[in-house]
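Only one structure is covered here, and it is reproduced in the block below.
The values are calculated or read from the model by the stated rules, or taken from the named source; none is laboratory data. Every value quoted in this text rests on a predicted model; they were computed, and no experiment measured them. Cβ placement follows ideal geometry from the backbone for every residue including glycine, while neighbour counts extend to all protein chains displayed.
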Amino acid sequence: MNNARFSIGKMVRLALLAAIIIVMSFTPLGYLRIGAIEITFLMIPVAIAAIIIGPLGGAIAGGIFGISSFIQCFGTSLFGATLLSINPFFTFILCVIPRILAGWIPGLIYMAIQKFGKDRIIPAMVASLAAPLLNTVLFVGGLFLMFGSTEFIRGFGDTVWAIIVLLVGVNGLVEAGVGFVVGAAVSRVLVQVFPDKKPTFENS
């Protein structure tokens, strides 16, 4: 009975965070767009899901973010629309898979660190920083893997490093900074509001 209530509680939290992700995705709250450069703040609720629900919750929240990102490629996002016109299948993979991993891995990181002590604040802060960093690294890595040879990506700079600095430097610093400050602050409160049993990888 306790496990049932625990599962329902996680489902309610995930539903709430999913709603927040959807609202942020289609309002100015979720993105800062400067031409083709897009900085997203949607990894904040994804990181929170990974922390207060677990790796599976983070992966689902990341998947919702990824699907919403792919939907925006049909007109809202200039960057995404260009990628979609080049290769729709690769664009879908790029939008979804890195976001699922960027939600799943911070959940594993949070659980792994928490296993070494009772404190939940430090693991939450580390996971809050890991989520946006992973999102940037995985997305840009996938971008180069699938679209690196296209004229569109090469148009961002004369060399690979110039392109990386532009995409990772701007996006990564802003997303990591905002994600860490906001995500860590919110998670710090939520891990106190939602006490959890000692984490296990099987029950996440």
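Would you mind finding the one in Gly103, Gly54, Gly107 that is of a type in the set (Gly, Ala, Ser), at positive phi and at pLDDT 90 or above?
Answer to the check: Gly54.
Restricting to helices (runs of 4 or more DSSP H) lying wholly in the range 2-120: which have 2 or more residues that are over 13 Å from the mean Cα position of the chain (by Cα) and surrounded by 18 or more Cβ atoms within 10 Å (Cβ to Cβ)?
2-25, 55-72, 78-86, 88-114
Please determine, by comparing only the residues of the range 129-147 that are β-branched (Val, Ile, Thr) and more than 10 Å from the chain's Cα centre (by Cα), which one is nearest to Ile93 (Cα to Cα).
Val140
Quick check on my filter: what residues within the range 74-94 are without any contact (Cβ under 8 Å) to a residue 60 or more places away in the chain and in contact with a Cys (Cβ under 7 Å, 6 or more places away or on another chain)?
Listed by number, the residues that qualify are Gly80, Ala81, Leu84, Thr91.
Got at least one residue in the range 156-163 being modelled with pLDDT under 85, among the polar types (S, T, N, Q) and over 27 Å from Ala127 (Cα atoms)?
For the range 156-163, residues modelled with pLDDT under 85, among the polar types (S, T, N, Q) and over 27 Å from Ala127 (Cα atoms): present.
Looking at Phe79, Phe70, Phe6, Phe116 in this structure, which one is out of contact with any His (no Cβ under 6 Å at 6 or more places or on another chain), at pLDDT 90 or above and farther than 19 Å from Val186 by Cα?
Phe70
Considering only the range 72-99, state which residues are hydrophobic (A, V, I, L, M, F, W, C) and within 16 Å of Val140 (Cβ to Cβ).
Phe79, Leu83, Phe90, Ile93, Leu94, Cys95, Val96, Ile97
Of these, Ala102, Ala19, which one is of a type in the set (A, V, I, L, M) and touching a Leu at 6+ places or on another chain (Cβ under 6 Å)?
Ala102
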